[in-house]
Amino acid sequence: MGNDTSFDAVKHRKKQRTKNNLKKLLLFLLIAAFCGYLYLERDAWIPKLEGIGSRYEAITQNDGTLAEGNFPLSITRNAEYQAALVEDNLFILNASYLYLYSLHGDLKDTRQLAYSKPVMKSNENFALLYENGGTRFRVDRQSRNIYTKNMDNPIITGAVSPDGVVALVTESDLYSCVLQIFDKNGKKLYTRNCIERLSDIAFTADSTGCVFTELSAADGDVITTMKRIEFDETDFVWESESLSTLSLNVSLTENDHTCVIGDTACAYYNEKGQLDSMYAYTGTLKSYAMEAGNAAILVWDEKKRETKLVLFEGSAAEPVEITVNGDAKAVQVYGDRVYMMNAETIIAYNFSGKAVATVNLDSSYDSFLKKDNYLFLLRYDKIDRVDFKE
């Protein structure tokens, strides 16, 4: 009888083990099936998980303490000025002088020019200074004035490439305007008589050619057409179809596509000058910036009473739209970052639309420039500097 009881106990334990093993196997199969489902549906759930994580990812908060010492740089009352960062200097231009300051606010040089209506166009290496409606222009670097020249006819607009090649558009008695190109030493390379008025110029990567925008009118609307030229050729490389907008800025991307920002639309063209993508604004353009074909705009929607920051990373096919504070007033593009200023803050975004750094401002400014880990804050009567790191 005791043996029967022992046998039943062994049988029961064996049955229980089998049941437990079946449960473990079933649990394993369920986990495996669930993992397989997650793998098959990864394109749907991974972006959502990343989005949740990004909400809690820390944004670098700069303390907003203004630089002391030489800052702020005071601007003479009622003296309009233009500012640019060239090499390692802050260039400040007014009607009489070009001032060069170090990034720490030390006055390095003062150069007299006395232009009636001075304009400065610049990049990281050169500054082109010319008289709007006058005939004089010059090219400067941090170290010195490279050359100074006089044109035969009044200057309308101009541009300078990172290699020091200069494009100037002048008035003409026989044509709408004349485009002239000078090499880095001031020697004339190219001349083109233009039937339509040129509004902007963007150089190719090697400075051997450019894309320019022409303005015309059709049925009461302003029309923009772009043309690509090489300075050693007579004919156009390509001519785009007309776009119903007033061209404000043109730029070339790294893959030789062209971006034009107009007052009503932003459009991208491929390497053959064919329209590739376009974004029409649903509001009023407030500010814009572009570098190497990456662009950002601020658009005010009167109906919705809101401002949108719209980002274009080399294309207008899939723009990123961000609703921002209505008082947003200035935007800049530096490399792979977009910097937006409102009344109290400057925020840095990547082109995916994620905020990566911010700084609070104690005062209101009109615009700003960025160099290394510094922001230069521009107001009509002074220039401040604040640290900005990511």
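The values are calculated or read from the model by the stated rules, or taken from the named source; none is laboratory data. Computed from a predicted structure; not experimentally measured. Positions of Cβ are backbone-derived with ideal geometry, glycine not excepted, and every protein chain shown enters the neighbour counts. To get the accessible areas, we keep the full protein, side chains included, count just its heavy atoms, and leave off ligands, DNA and RNA. Shrake-Rupley method; radii C 1.70, N 1.55, O 1.52, S 1.80 Å.
Have a look at Ile146, Ser161, Gln112 and report the one farthest towards the positive end of the charge dipole of region 106-173, computed about the Cα centre with Cβ charges (Lys/Arg +1, Asp/Glu -1).
Positive-most Cα among the choices belongs to Gln112.
Let me check I have the definition right: for region 111-191, take the eigenvalues of the Cα gyration tensor, multiply each by 5, take square roots. What are those semi-axes in whole Å, largest first?
Working: eigenvalues 79, 43, 20 Å².
Working through the eigenvalues yields semi-axes of 20, 15, 10 Å.
Could you work out the relative contact order of region 240-390, using alpha carbon pairs under 8 angstrom and six or more residues apart, expressed as a whole percent?
Numbers: 366 pairs, mean separation 18.6, N = 151.
Here the relative contact order equals 12 percent.
What list of ³J(HN,Hα) values in whole Hz, one per residue of region 295-312 in order, does the Karplus curve 6.51 cos²θ - 1.76 cosθ + 1.60 (θ = phi - 60°) give from phi, with Gly and Pro shown as x?
10, 9, 9, 10, 10, 9, 9, 5, 5, 8, 6, 8, 10, 10, 8, 10, 10, 10
Taking H placed 1.01 Å from N in the peptide plane, check which residues at least 5 places from Val356 or on another chain put their amide H under 5 Å from its amide H.
Excluding prolines and chain starts, which carry no amide H, the hits are Ala348, Tyr349, Asn350.
Tell me the per residue accessible area of the chain using a 1.4 Å probe; a whole number in Å² is fine. Display every interim value, and only then the final one.
Numbers: 21060 Å² over 390 residues.
On a per-residue basis, 54 Å².
Ignoring solvent entirely, what values of log10 I(q)/I(0) come out of the Debye formula for region 91-157 at 0.13, 0.19, 0.23 Å⁻¹ when each Cα is a single scatterer?
-0.34, -0.70, -0.99
Would you please give the residues with an amide H less than 5 Å from that of Lys286, counting only those at least 5 places away or on a separate chain, with H modeled from the backbone geometry?
Leu298, Val299, Trp300
Averaging sequence separations of C-alpha pairs under 8 Å and six or more residues apart, then dividing by the length of region 176-296, give the relative contact order as a whole percent. Before the final figure, lay out the partial values.
Values: 269 pairs, mean separation 18.8, N = 121.
Answer for region 176-296 is 16 percent.
Might you report the magnitude of the Cβ-based charge dipole of the chain about its Cα centre, with Lys and Arg at +1 and Asp and Glu at -1, to the nearest 20 debye?
Working: 43 positive and 55 negative charges, 413 e Å.
Magnitude of the dipole: close to 1980 debye.
Can you divide the C-alpha Rg of region 185-284 by 2.2 N^0.38 Å and report the result to two decimal places?
Working: Rg = 13.7 Å, N = 100, 2.2 N^0.38 = 12.7 Å.
Working it through for region 185-284, the quotient is 1.08.
By how many degrees, 0 to 90 and rounded to 10, does the Cα axis of helix 2-40 deviate from the longest principal axis of the chain?
20 degrees
Can you give the angle from 0 to 90° between the axis of helix 42-56 and the longest principal axis of the chain, with both taken from C-alpha atoms, to the nearest 10?
So the inclination is approximately 70 degrees.
Give the whole-number value, in cubic angstrom per residue, of the convex hull volume spanned by the C-alpha atoms of the chain. Intermediate results must be reported in sequence, preceding the final value.
On the way: hull volume 90.7 nm³, N = 390.
Taking the convex hull of the Cα positions in the chain, it is 232 Å³ per residue.
Could you give each residue of region 211-225 its phi-based ³J(HN,Hα) in whole Hz, using Karplus coefficients 6.51, -1.76, 1.60 with θ = phi - 60°, and x for Gly or Pro?
10, 10, 9, 10, 10, 8, 10, 8, 6, x, 9, 7, 10, 10, 10
Please report, as a whole percent, how much of the solvent-accessible surface of the chain comes from carbon and sulfur atoms (probe radius 1.4 Å).
Details: 10110 of 21060 Å².
So the carbon and sulfur contribution to the accessible surface is 48 percent.
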